[in-house]
Every structure is written in C-alpha cells, then in structure tokens.
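The values are calculated or read from the model by the stated rules, or taken from the named source; none is laboratory data. Since this is a predicted model, take the numbers as computed values, not measurements. Note: ideal-geometry Cβ built from the backbone for every residue, glycine included; neighbour counts use all protein chains shown. The accessibility values were calculated without ligands, DNA or RNA, using every heavy atom of the protein model including side chains. Shrake-Rupley method; radii C 1.70, N 1.55, O 1.52, S 1.80 Å.
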Amino acid sequence: MGESIVEVRNVKKYFFLRKGLFSRKQDVVRAVDDVSFEIEQGMTVGLVGESGSGKTTLGRVILRLLEPTDGKVLFNGVDIFSLSRMEMRKLRRRMQIIFQDPFTSLNPRMTVGDIIAEPLKIHRIVRGRELKERVIDIMERVGLRGSDYNRYPHEFSGGQRQRIGIARAIAPVPEFIVADEPVSALDVSIQAQILNLLIELQKEYKLTYLFISHDLRIVRYVCDEIVVMYLGKIVERAEKDELFSNPLHPYTRALLSAVPVVDPQTKRRRIILSGEVPSPINIPSGCSFHPRCPYVENVCKELVPELREIKPGHFVSCHLAEKI
Ligand code: SF4
C-alpha cells in the first residue's frame, strides 16, 4: 500500500428540512452516512452510484465546500475540518474541483485568460507578465490555443469549455482533484479526449483524483479503485479489476450488468432492479437496499450490514455476500 493523501473517516452529512413553513418538526436527509475510505497518492478512486447516492455531496464535503455533520477528512495527515478559514484558504490551492457542467461552471463575463488566472492571483502564485505567460502555457497544455486568451466561454464548444475548467483546476498545481462527472455533459466523441487529457495530466503533475461518476464504463477506463455508494453509504469497495470480475454486492452486480460488454462471446445477464432509489428522508430499515434486492431475507430488513473486508482490499456491506 502506498501513502494515503486523503483519509475520509466516518464522514456524515445530514440536511435538516422543516416539514412545513410553520412547523418545528424536521425531516433529516442522510445524504452521506458514516463513510470511510482512503485515497493513495497518485491514484484515481472512482465514486459511483445512481443519482441520490450521495456521491456529489461527499465530494464537496471532502473539499470542505460543504461543512460536515460529523467525521474527519485528513489531507496529508491534517484534519481539514479543524482548520480556520485562513488556514483552509491556503490549503485550497492544493485541493481543486472540476465541475460536471462546463456550461454553467464558468463565469460568462470573464475571459478565458482571466478565468484561468483567477486561482493564480487568489493564491498569489505568480503576478504581472509572468501571470499571462503561465496562463497561456496552461491553456496550451490542455489543448486550447494561447491566442484564445481574450475570448469568452460562450465562444467555445462543450469539450473546449471543459478544457477551460480543467485548466483552471490545474493552474495552481494542486495535489488532489475532485472530478465531479467531468464528462457526462459532453458528447461521447469528446468524452475520450477529455478523459485522456485527465490521465496525461495526472502523470505529468502526479495528481491524485477522486472521480465521481454514474457511468461504470468511464470509471473502468480511468480509475484504480472503485467505491460504490447507495443511499449515502458505501456498499462495496475494491480495486477496479477485482470489482469488475468479482462483484459481491447485488447492487454492484446490477450496475455492472447494465454496462455493455465489448467481447461478443461474453454474455452477461442484465439485472433489472425493481423500483426507484428510496427517498433519503425515508431510508428503509436494515439494509437500505432490501426493497430492491432479489436476494432479500428477513435478516436484511432488520439489521444494517457492516462494511466487511471479505478478501484483502475487497469490502462489501451485505449479510449474504458469501452465499449469493
Ligand atoms: Fe440484499 Fe440482504 Fe445483501 Fe442487502 S444485505 S444487499 S438485502 S442480500
């Protein structure tokens, strides 16, 4: 095992919603509920799950863009939730985010040059003429033309806008990037170009990624390890090849069964899950997956399964993992 750059320890993020305008009663949304894992330096961990699984909320809590309800996130051994606003500001240079939607994540009133220069100015990394040179250098590194420095985001295609978002994230030379569905808003033909760019930049800058996606094809392409979330909890976690060849949780199996296989000789039976993801306000008792699970037994409805290490490095939260 290499050294962990990020350690997520028992993180919870609950949202409290008033039941009505004049009511004192509250609903509790357990968006992230007692999640722990770590990310080794230079690795890419994929965080997958359907919409409503809590993956995007968790990504934001890890960067402290959202305050946690409980738990710790250690970045190079430092508990980021204990840092003052000033200390956190300094640390931000080293932890960046790439957003899903390149159409709304860029300020339409700023030129591309100013957008990419902004984090360099905020963190006082370079100034003056050197600043423009650095920005042009980064633009060219991500496949944009330096001559586009004074153009505005609306003048670019979706793929180019995502390159601008990536340039802004890598400009301050971070160590860790949360990439939140970075290609899901793009045409399939452009997705591979952006993924390859992220892989190249990772090698060049020795970056560590947390890659959030609902698309297992994409996660398989870029990630070393995969964490599967369902209703705010981790249900399975393993190294990529192990997870794809030996998925143990029924939810992971269902997700994988929907991924097209390249080899026509390989036959995979599609598992269709019944029902929708339950509301995170009304999480089912016991194993929260039990209303949709084809293997459900009585124990599943009563006891919350723990995340257990079934094989070295392969964790699963299912009472019947050894049987099914
Ligand atoms: Fe299915 Fe039971 Fe395992 Fe939950 S604990 S995934 S309901 S078999």
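Below is a table of values for the structure above.
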{"read-out": "Out of 99, 103, sole residue that is at pLDDT below 90 and of a type in the set (Phe, Trp, Tyr)", "value": "103"}
{"read-out": "Spans of strands (runs of 3 or more DSSP E) in the range 1-73 with at least 1 residues over 19 Å from residue 222 (Cα atoms) and open to solvent by less than 20 Å² (accessible area, probe 1.4 Å)", "value": "4-18, 26-40"}
{"read-out": "Odd one out for residue 243, checked against (1) surrounded by 14 or more Cβ atoms within 10 Å (Cβ to Cβ); (2) within 12 Å of the ligand (Cβ to nearest atom)", "value": "(2)"}
{"read-out": "Among the candidates 213, 184, residue that is under 21 Å from the mean Cα position of the chain (by Cα) and surrounded by fewer than 22 Cβ atoms within 10 Å (Cβ to Cβ)", "value": "184"}
{"read-out": "Residue match in the range 232-239 (condition: touching a strand residue (DSSP E or B) at 6+ places or on another chain (Cβ under 7 Å), modelled with pLDDT of 75 or more, surrounded by 14 or more Cβ atoms within 10 Å (Cβ to Cβ) and small (Gly, Ala, Ser))", "value": "yes"}
{"read-out": "Looking only at the range 286-315, and only at residues there that are open to solvent by less than 60 Å² (accessible area, probe 1.4 Å) and closer than 17 Å to residue 33 by Cβ, the one that is farthest from the ligand (Cβ to nearest atom)", "value": "315"}
{"read-out": "The range 300-315: number of residues that are outside any loop (DSSP other than H, G, I, E, B), free of Cβ contacts under 8 Å to residues at least 40 places away in the same chain and not basic (Lys, Arg)", "value": "3"}
{"read-out": "Test result for residue 94, at pLDDT 95 or above and on the phi < 0 side of the Ramachandran plot", "value": "yes"}
{"read-out": "Residue check for residue 195: closer than 19 Å to residue 35 by Cβ and of a type outside the set (S, T, N, Q)", "value": "no"}
